[in-house]
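The values are calculated or read from the model by the stated rules, or taken from the named source; none is laboratory data. This structure is a prediction, so every number in the text was calculated from the model and none was measured. With ideal geometry, Cβ positions are generated from the backbone for all residues, glycine too; neighbour counts draw on all protein chains shown. What goes into the accessible areas is simple: the full protein's heavy atoms, side chains included, and nothing from ligands, DNA or RNA. Shrake-Rupley method; radii C 1.70, N 1.55, O 1.52, S 1.80 Å.
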Amino acid sequence: LEVLMEDWGVSTERQGAEVLIRSRGIPERSFSYDFNDTPDLAQAFAVMAAVSKRRLTLRGLSTLKDKETNRLLALKTELERAGAEIVIGDDSLDVVQGVDVKKVPQEKFRTYHDHRMVMALSLLSIGAEGLSLLQPGHVTKSFPSYFAVLKEAGFLVEER
């Protein structure tokens, strides 16, 4: 993951028990990855690309159709509600056009009873004036303290 993030301009430095994360800014280019060995990273990278308005091609995603939901179709549906253009195939997802962050606060995003959709879609809040996620509690399946960690990182998280 650190290598992938370095590609996106993010460096990680370990200093004893601490980790220092620095951003040099996202390079002005498109990205392409084969996530056959790590398909669970695909959703976060798709949202990250859509928010940063970078073209992204992901391959090796055939298993994402058979999870808690068809994650490829769910990503396409929800990101397009925010103005993105997403093309999916049997094994792939392409972010062709990024989201319009002004549309994000106007929508209520479905999470499809899927913990990874909750975490990935939460990234839509970066640069937006607000974000509403339906059924965010499904995150407890893999990361029960996810929203507490977001709060510690400086995000404003409000439950209704």
Mind giving me the FRET efficiency for Glu18 and Leu134? R0 is 22 Å, r the Cβ-Cβ distance, nearest 0.05 is fine.
0.05
DSSP loop chymotrypsin sites (Phe, Trp or Tyr not before Pro) in segment 79-160 with at most 14 other Cβ atoms within 10 Å of their Cβ, which ones?
Phe155
What are the extents of the Cα atoms of segment 41-108 along their three principal axes, listed from largest to smallest and rounded to whole Å?
32, 23, 17
Tell me, which longest segment in the chain has none of the GluC sites (Glu not before Pro) that fall in DSSP loops with at most 13 further Cβ atoms within 10 Å?
29-128
Report in % the part of the accessible area of the chain that belongs to carbon and sulfur, leaving out ligands and nucleic acids; probe 1.4 Å.
50 percent
If a/c stays under 1.5 just call it rounded; otherwise compare a/b with b/c (prolate if a/b is bigger, oblate if not). Do that for segment 56-146, with a ≥ b ≥ c from the square roots of the Cα gyration tensor eigenvalues.
oblate
How much accessible area per residue does segment 1-113 have, counting only protein heavy atoms and a probe of 1.4 Å, in square angstrom?
54 Å²
Using a 7 Å offset from the Cα along the Cα-to-Cβ direction at both Gln97 and Ala44, what is the distance between the two label points in nm, to one decimal?
2.9 nm
So how much accessible area does Ile21 have, in Å² to the nearest 10, using a 1.4 Å probe?
110 Å²
Can you quote the Å³ per residue value for the convex hull of the Cα atoms in segment 8-76, rounded to an integer?
113 Å³
How high is the relative contact order of segment 90-160, in percent, with contacts defined as C-alpha pairs under 8 Å that are six or more residues apart?
29 percent
Descending semi-axes in Å of segment 94-139, equivalent ellipsoid built from Cα gyration tensor
18, 13, 8
Indicate the gyration tensor shape class of segment 3-48 (rounded, prolate or oblate), computed on the Cα atoms with a ≥ b ≥ c the square roots of the eigenvalues: a/c under 1.5 is rounded; otherwise a/b larger than b/c is prolate and the rest oblate.
oblate
Would you look at the GNM of the chain, springs on alpha carbons closer than 10 Å, and say which of Phe45, Phe31, Phe143 moves the most?
Phe143
Once you keep just the Cα pairs under 8 angstrom separated by 6 or more residues, what percentage relative contact order results for the chain?
17 percent
Simple SL model, points at 7 angstrom along Cα→Cβ for Glu2 and Val87; separation in nm is 3.6 nm
Provide the percentage of antiparallel DSSP beta bridges, counting only those with both residues in segment 55-160; round to the nearest 5.
80 percent
Percent of alpha-carbon pairs separated by more than 16 Å within segment 115-160
31 percent
Theoretical gain in end-to-end length, Leu150 to Asp66 [0.36 nm per residue, Cα-Cα removed]:
27.4 nm
Taking only C-alpha pairs under 8 Å that are 6+ residues apart, what is the relative contact order of segment 1-54 in percent?
25 percent
